[in-house]
Amino acid sequence: MADIQILGNLDRGGNFVEDTQKKNFLFSFVISYTETCEIPGITVAGENKELIKFTPPADAEFLHYGSCKCIKAIPMTPDGKPTPALLTKTALEAASIPHIVINAGSKIIPQIPYIETGIKFGKNILLEPALDRSSVLHAVDYGRIIGRTLASLTDCLVIGESIPGGTTTALAVLKGLGINAMVSSSMQQNPTELKKKVVFEALKRVGSDDPYEVVSNVGDPMIPLVAGMISSASQITNVMLAGGTQMAAVLAFGNSVGFNQDKLAIGTTSYIIEDKSANFVDTIKKIADVPILVVNPKLEHSKIAGLKAFSDGFVKEGAGAGGSMISAILKTGIDTNTLLELIEKEYRKTIGQ
């Protein structure tokens with residue numbers, strides 16, 4: 001389709017598009033937390049440090065209500081750029097795609113119906129191990145159960161996430177598994193040196209390349225849960241990992257859990273692909289032979305500064321935004337120009353002029 005670019009394995013990508021066109025989609029939204037995000041300067045996923053922990057549940061509430069219950073306004077960067085969940089909500093509603101929220105260690109509980117896993121939030125990897133090994137095993141097992149159940153309900157299971165600071169834990173997991181990756185950031189100026197320092201110190205605790213030891217020491221709860229989801233879901237139906245850097249870490253750990261490459265694709269925005277401070281496409285190629293589906297939301301054409309900023313390197317992706325837009329295009333044939341109009345309308349309704 002004209003508005004979707006395929007990178008990587010073109011045959012698998014073409015088959016994935018053909019298999020899912022005009023079909024049913026289900027969006028699953030995994031909310032989680034790592035105290036790594038509390039390191040000063042590591043993220044802008046929240047208006048201030050105290051509000052960061054509210055970002056995942058607020059994103060989930062916004063998708064459901066169009067407003068938030070746990071905080072007064074939708075999550076924004078300190079200078080007022082909105083959560084990418086605004087793009088996600090618009091795309092899901094435009095294509096009548098249902099969604100379900102999964103709590104995998106959010107520090108704050110969302111005030112909506114959701115699937116509870118009982119997984120604890122991740123600790124600050126600079127200071128201590130992220131998770132107990134038993135928690136990683138628990139997350140994988142629960143992910144398998146959830147993935148199997150949700151996959152049986154749809155032609156394509158889309159998995160998005162919201163976890164502040166997740167690009168740093170993702171980088172640590174990728175490095176710990178021997179993958180030379182550079183990761184994106186929600187900031188225009190990616191704090192690469194700070195991330196490298198945190199990851200270098202955290203990896204000193206890792207005594208081997210055993211994937212479970214790596215994730216328990218330097219990962220976060222979202223990674224093993226989603227890895228478990230794709231391991232079972234990809235045996236049943238098509239699965240799209242909606243996201244960027246964090247989904248690379250999911251794939252890398254997922255290699256030890258297992259998944260069906262023929263039924264799996266990554267869906268993301270062009271802003272992740274164009275990020276010169278990262279090497280997303282090369283990283284995915286090192287991990288698995290799965291296609292990358294890319295959409296350009298054309299936010300550079302927006303008259304709204306908070307949206308246009310996405311195309312200038314802020315936020316770039318998150319809350320499954322890219323994968324949601326790709327799903328809407330595949331299901332209904334809607335074009336990105338129409339989506340942009342709807343996104344601007346949603347922005348004005350939610351935030352104002």
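For residue 296, indicate whether it is in contact with a helix residue (DSSP H, G or I) (Cβ under 6 Å, 6 or more places away or on another chain) and either at pLDDT below 90 or not aliphatic (A, V, I, L, M) (or both). For residue 296, the condition - in contact with a helix residue (DSSP H, G or I) (Cβ under 6 Å, 6 or more places away or on another chain) and either at pLDDT below 90 or not aliphatic (A, V, I, L, M) (or both) - is met.
Can you tell me which condition residue 222 does not meet? The list is (1) closer than 19 Å to residue 287 by Cβ; (2) without any contact (Cβ under 8 Å) to a residue 40 or more places away in the chain, and all the others hold. Going through (1) closer than 19 Å to residue 287 by Cβ; (2) without any contact (Cβ under 8 Å) to a residue 40 or more places away in the chain one by one, residue 222 breaks only (2).
Filtering region 119-128 down to residues that are part of a loop (DSSP other than H, G, I, E, B) and in contact with a strand residue (DSSP E or B) (Cβ under 9 Å, 6 or more places away or on another chain), which residue is surrounded by the most Cβ atoms within 10 Å (Cβ to Cβ)? The residue in question is 125.
When region 136-161 is filtered for residues that are farther than 30 Å from residue 18 by Cβ and either modelled with pLDDT under 95 or touching a Leu at 6+ places or on another chain (Cβ under 8 Å) (or both), the ones remaining, listed by number, are 139, 140, 142.
Going by the conditions given, is residue 193 surrounded by fewer than 14 Cβ atoms within 10 Å (Cβ to Cβ) and part of a helix (DSSP H, G or I)? Yes.
From the list 220, 209, the lone residue that is part of a loop (DSSP other than H, G, I, E, B), in contact with a Gly (Cβ under 8 Å, 6 or more places away or on another chain) and surrounded by fewer than 24 Cβ atoms within 10 Å (Cβ to Cβ) is 209.
Would you check which residues across region 1-24 are closer than 26 Å to residue 285 by Cα and touching a strand residue (DSSP E or B) at 6+ places or on another chain (Cβ under 7 Å) and list them?
Of the residues in region 1-24, the ones closer than 26 Å to residue 285 by Cα are 1-21.
Those that are closer than 26 Å to residue 285 by Cα and touching a strand residue (DSSP E or B) at 6+ places or on another chain (Cβ under 7 Å): 3, 4, 5, 6, 7, 8, 13, 14, 16, 17, 19, 20.
This table checks each residue for (1) under 30 Å from residue 216 (Cα atoms); (2) touching a residue at least 60 places away in the same chain (Cβ under 8 Å); (3) of a type in the set (A, V, I, L, M).
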| residue | (1), (2), (3) |
| --- | --- |
| 69 | no, no, no |
| 85 | yes, yes, yes |
| 97 | no, yes, yes |
| 100 | yes, yes, yes |
| 103 | yes, yes, no |
| 110 | yes, yes, no |
| 116 | yes, no, no |
| 123 | yes, yes, no |
| 126 | yes, yes, yes |
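Residues in region 56-69 that are modelled with pLDDT of 90 or more and of a type outside the set (A, V, I, L, M, F, W, C): 56, 57, 59, 61, 64, 65. Taken over region 18-35, residues that are surrounded by fewer than 19 Cβ atoms within 10 Å (Cβ to Cβ) and either in contact with a Lys or Arg (Cβ under 7 Å, 6 or more places away or on another chain) or touching a residue at least 12 places away in the same chain (Cβ under 8 Å) (or both) amount to 5. Only one of the numbered conditions (1) surrounded by fewer than 24 Cβ atoms within 10 Å (Cβ to Cβ); (2) not in a loop (DSSP other than H, G, I, E, B) is violated by residue 70, and that is (2).
Taking region 1-54 as the range and being small (Gly, Ala, Ser), modelled with pLDDT under 95 and under 29 Å from residue 116 (Cα atoms) as the test, the residues that pass are 45, 46. With respect to being basic (Lys, Arg) and in contact (Cβ under 8 Å) with a residue 12 or more places away in the chain, residue 263 fits the description.
Whether any residue in region 134-142 is touching a helix residue (DSSP H, G or I) at 6+ places or on another chain (Cβ under 9 Å), in contact (Cβ under 8 Å) with a residue 40 or more places away in the chain, part of a loop (DSSP other than H, G, I, E, B) and surrounded by fewer than 20 Cβ atoms within 10 Å (Cβ to Cβ) is what I want to check. No, region 134-142 has no match at all. The single condition among (1) in contact with a Gly (Cβ under 8 Å, 6 or more places away or on another chain); (2) hydrophobic (A, V, I, L, M, F, W, C); (3) closer than 28 Å to residue 213 by Cα that residue 137 does not meet is (1).
The values are calculated or read from the model by the stated rules, or taken from the named source; none is laboratory data. Please read these numbers as outputs of a predicted model, since none were measured by experiment. In this analysis, Cβ positions are derived from the backbone assuming ideal geometry, glycine residues included, and neighbour counts consider all displayed protein chains.
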